[in-house]
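The values are calculated or read from the model by the stated rules, or taken from the named source; none is laboratory data. This one's a predicted model, so the numbers in the text were calculated from it and none came from an experiment. A quick note on method: Cβ atoms are made from the backbone with ideal geometry, for glycine too, and the neighbour counts reach across all protein chains shown. To get the accessible areas, we keep the full protein, side chains included, count just its heavy atoms, and leave off ligands, DNA and RNA. Shrake-Rupley method; radii C 1.70, N 1.55, O 1.52, S 1.80 Å.
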Amino acid sequence: MGEVESAGLLETKYSRRKFIKGVIAAGATASSAGYFIGGSGLLGAQAVPGAAERLITLTINGQQRRVDVLPNETLAMTLRYRLNLTGTKLGCDRAECGACTVLVDGVSQYGCSMLTNQVRGSSITTIEGLENPDTGELSPVQQAVIDEGGFQCAFCAPGFIMSMTAMVNENPNPTRAEAAHALSGNLCRCGDYDKILNCAMRAAELARSV
Ligand code: FES
Ligand code: FES
């Protein structure tokens, strides 16, 4: 391989690594759903005649957040379009892809399939809440994804990372088959499953050493 070609490859790898790190640490702002937040509410949400927004308090990433929500508003919508926690992605918006996965009381759940009003009183964790808030240190799962260079486009990454987090908390010593089973509720359109499983196994290894 020529010097220029190898320099180009390095540049590509470096840029991709930086991109993935950015997605993991903060969550990219891209969305596949055509929702927008207007001056006074969510445009694109199903309008229910007579439905009014109500101010509620949620516990998200260890913080109390006051937010106006509609009765039929999903958690994923509230997180993304009311609270600007855009690390939670919307893919199918119908409980099929896992892009919207968050932890509710430590259990992985599809944010697109829960009403926000259902999770009042629960502790919600999004990908923005995984790193150490004092030091900025990444969680074992986030670090594992960096180590393994996981994910191609990384749209599915936040959802997988949340499912991996639930997995290592529940079973820090999984077999590869057990990891695959634990992540079976998440889909990757790029088909990057082998690398994603490498990330999961590395995440378990790092979690065991903490
Ligand atoms: S966006 Fe929730 S499962 Fe696909
Ligand atoms: S890496 Fe592209 S959807 Fe999973």
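Residue separation times 0.36 nm, minus the C-alpha to C-alpha distance between Asp134 and Arg208: what's the value?
Answer, rounded to one decimal: 24.5 nm.
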For segment 159-210, calculate the relative contact order in percent as a whole number, restricting contacts to Cα pairs under 8 Å that are 6 or more residues apart.
-> 50 percent
Order the following by accessible area, largest value first: Leu70, Leu58. Probe radius 1.4 Å; ligands, DNA and RNA are ignored.
-> Leu70, Leu58
Compute the distance in nm between two label points, each set 7 Å from the Cα along the Cα-to-Cβ direction, one at Leu115 and one at Leu55.
-> 2.2 nm
By its C-alpha gyration tensor, with a ≥ b ≥ c as the square roots of the eigenvalues, how is segment 69-210 shaped: rounded for a/c under 1.5, else prolate for a/b larger than b/c, else oblate?
-> prolate
By its C-alpha gyration tensor, with a ≥ b ≥ c as the square roots of the eigenvalues, how is segment 132-209 shaped: rounded for a/c under 1.5, else prolate for a/b larger than b/c, else oblate?
-> oblate
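Ignoring any ligand, DNA or RNA, what whole percent of the accessible area of segment 132-209 comes from carbon and sulfur when the probe is 1.4 angstrom?
Carbon-and-sulfur percentage of accessible area, whole number: 49.
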Read phi for every residue in segment 126-133 and hand back ³J(HN,Hα) as whole Hz from Karplus 6.51 cos²θ - 1.76 cosθ + 1.60, θ = phi - 60°, with x for Gly and Pro.
-> 10, 4, 5, x, 7, 6, 5, x
